[in-house]
Amino acid sequence: FLPICLPRFNSSGFLYAHLSVPHPPFLVDEYCRVGALVASRRSFVRQLRCVNRQLLALLDQIRRDDPSAIVLLSADHGPRMTVKPGLPLFRWDGEQVRETLGILNALHLPPECQRGLHPGLTPINDMRIVFACLGGHDPQLLAERHFVVRGGPPDGGKIRRVTLE
C-alpha cells in the first residue's frame, strides 16, 4: 500500500516523503490488505499497524545502509476521531485538542547531535535541531507552543493557540 521501494541510502542523499496514512478513508487493515474500512478508532488503529510495520522496515534499511543518517518522522495532526466535522474550534474540549496534538514526532540522530532533545519537543524545533547537528553547534530552540487550525467551514483557516493542561 505504501510506496516503500526506495533506493539504497548513503550519506549524500536526501529524501522527503509525504505519506497520507493513517488518514481517512481507511483503506488497509493491519496486514496491509486493501479494502475500505468503516471510519472508526478501530480502523485507524488497524491502518496504523500496517503503516508502523512498513515504516519500521524502512528505518531498519536506512540504519543498515547509513548508520549516521539523520531521520525525522513527524505527523501534521493526531487522529481527530472525536472531532465532528463542522465543529468550530472554540467548541473543542481538552480531549479533542490533546487528540489533535497527539502526533508522531521522532528524530534519529547521531549521539553528538542529541542536544536539545526532550520529551515535550514539538515540530517547531525539529529542523533547528537537525540544522544545528549539520552545522556542528548547539540548537537555538524556540519556546514550545501549540496551535490548532481548521481550513474548512465554519472556521475557514482560523488559528487557535491552545495550552495543554
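Values as computed for the structure displayed
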| item | result |
| --- | --- |
| Alpha-carbon Debye profile of region 106-165, log10 I(q)/I(0) at 0.19, 0.22 Å⁻¹ | -0.74, -0.85 |
| Computed P(r) (all Cα pairs; region 1-146; 5 Å bins; percent) | 2, 8, 15, 17, 17, 16, 13, 8, 4, 1 |
| Residue 158 versus residue 77: modelled label distance in nm, points set 7 Å from Cα along the beta carbon direction | 1.4 nm |
| Mean projected area in nm² (Cα convex hull; one quarter of hull surface) for region 11-74 | 4.7 nm² |
| Distant-in-sequence amide H partners of residue 158 (H built 1.01 Å from N, under 5 Å) | 150 |
| Theoretical gain in end-to-end length, residue 144 to residue 59 [0.36 nm per residue, Cα-Cα removed] | 27.9 nm |
| Mean Cβ count within 10 Å, highest first, over the residues of peptides 60-70, 143-153 | 60-70, 143-153 |
| Gained length - residue 121 relative to residue 31, 0.36 nm times residue gap less alpha-carbon distance | 29.3 nm |
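No lab work stands behind these numbers, since they all come straight from the coordinates. Values in this document were obtained by computation on a predicted structure and should not be read as measured data. In this analysis, Cβ positions are derived from the backbone assuming ideal geometry, glycine residues included, and neighbour counts consider all displayed protein chains.
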